[in-house]
Amino acid sequence: MSEKKKSINSALDTRAFINEANNIIAKKLDGEKRRLFLKQGLTLGGIVMLTGCDISDNSSVDKALTTMSGFNDRVQAWLFDGQRLAPVYTESQMTRPFPFNAYYGEDDAPVIDPNNYELDIAGLVSDKRSWTLPMLHKMSSVSQITRHICVEGWSAIGKWGGIPFADFLKIIGADLTAKYVSFKCEDDYYTSIDMATALHPQTLLALTYDGQILPRKYGFPMKLRMPTKLGYKNPKHIKVIEVTNQYPGGYWEDQGYNWFGGS
């Protein structure tokens with residue numbers, strides 16, 4: 001296929017993607033919001049004007065899609081309901097075994113000594129002391145059976161137990177008006193979430209899986225479990241939590257994945 005035809009096909013794919021995105025978003029709205037969106041919805045021509053690009057050029061299409069990705073993040077954040085709960089399931093509906101998922105093989109998951117582990121706290125918080133595992137396990141915990149949705153197209157249902165993350169943020173004196181909470185992990189993974197998702201009642205600092213200490217393959221000693229987010233937004237093997245107003249990005253997000261990552 002010629003480069004010109006590839007460019008044309010890319011442009012057509014972009015147009016179809018944007019039209020579909022507009023239609024999906026419009027269906028979620030009602031009344032005046034829907035009319036306003038349909039009137040001002042982002043079209044291919046709108047992206048071209050925003051980016052100053054020529055859609056016959058592949059790099060310009062990439063630029064347009066990057067703009068659309070940022071727009072998509074903003075719309076998802078706008079539509080997000082901080083009190084709307086994700087579906088919950090019964091133990092009989094759990095996926096067994098729950099699949100391992102990472103950007104490396106299962107045997108390469110980090111090995112962490114629980115006796116030497118400390119969770120570090122940074123950023124816009126009043127109490128920056130480190131937390132040991134015994135300290136964390138002494139806190140009140142809850143459990144949930146929810147669905148993990150992977151961006152690759154599969155899903156699985158698991159039972160997670162741990163500390164409601166909103167409670168933890170309040171205990172450490174986090175600035176709850178800050179924009180972001182970021183996570184650095186023992187396997188060099190990193191990601192970040194919006195504060196509204198951090199405070200969602202189903203967002204857990206998970207310490208157990210199916211009633212047992214969180215296994216290494218699922219993120220020992222802890223992971224953030226968010227049924228309102230796609231899988232790549234749920235960091236494992238967490239070693240640093242930071243509250244910040246500076247955009248922190250993420251491992252996959254910095255490679256082009258949507259930052260908001262809502263499921």
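Among the residues of the range 212-232, count how many are out of contact with any Phe, Trp or Tyr (no Cβ under 8 Å at 6 or more places or on another chain), closer than 22 Å to residue 131 by Cβ and not in a strand (DSSP E or B).
Residues that pass the stated criteria total 5.
One line per residue, one yes/no per condition, for (1) in contact with a Cys (Cβ under 9 Å, 6 or more places away or on another chain); (2) more than 30 Å from residue 106 (Cβ to Cβ); (3) without any contact (Cβ under 8 Å) to a residue 12 or more places away in the chain; (4) surrounded by fewer than 20 Cβ atoms within 10 Å (Cβ to Cβ):
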site: 141; (1), (2), (3), (4): no, no, no, yes
site: 148; (1), (2), (3), (4): no, no, no, no
site: 156; (1), (2), (3), (4): yes, no, no, yes
site: 165; (1), (2), (3), (4): no, no, no, no
site: 183; (1), (2), (3), (4): no, no, no, no
site: 198; (1), (2), (3), (4): no, no, no, no
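Regarding residue 89, is this residue at pLDDT 95 or above, surrounded by 12 or more Cβ atoms within 10 Å (Cβ to Cβ) and within 22 Å of residue 228 (Cβ to Cβ)?
On the way: at pLDDT 95 or above: yes; surrounded by 12 or more Cβ atoms within 10 Å (Cβ to Cβ): yes; within 22 Å of residue 228 (Cβ to Cβ): yes.
Yes.
Is one or more of the residues making up the range 228-246 surrounded by 22 or more Cβ atoms within 10 Å (Cβ to Cβ), farther than 23 Å from residue 124 by Cβ, touching a residue at least 24 places away in the same chain (Cβ under 8 Å) and hydrophobic (A, V, I, L, M, F, W, C)?
Checked the range 228-246: no residue is surrounded by 22 or more Cβ atoms within 10 Å (Cβ to Cβ), farther than 23 Å from residue 124 by Cβ, touching a residue at least 24 places away in the same chain (Cβ under 8 Å) and hydrophobic (A, V, I, L, M, F, W, C).
Would you say residue 220 is of a type outside the set (Ser, Thr, Tyr), modelled with pLDDT of 95 or more and closer than 24 Å to residue 85 by Cβ? Explain how you work it out, then say what you get.
Details: of a type outside the set (Ser, Thr, Tyr): yes; modelled with pLDDT of 95 or more: yes; closer than 24 Å to residue 85 by Cβ: no.
No: the conditions fail for residue 220.
Quick check on this structure: which one of 137, 148 is touching a Gly at 6+ places or on another chain (Cβ under 7 Å) and modelled with pLDDT of 95 or more?
Values: 137 fails: touching a Gly at 6+ places or on another chain (Cβ under 7 Å).
Criteria check complete, one pass: 148.
The values are calculated or read from the model by the stated rules, or taken from the named source; none is laboratory data. Predicted model, so just to flag it, every value in this text is computed and none were measured. No Cβ is skipped: glycine too gets one built from the backbone with ideal geometry, and neighbour counts run over all protein chains shown.
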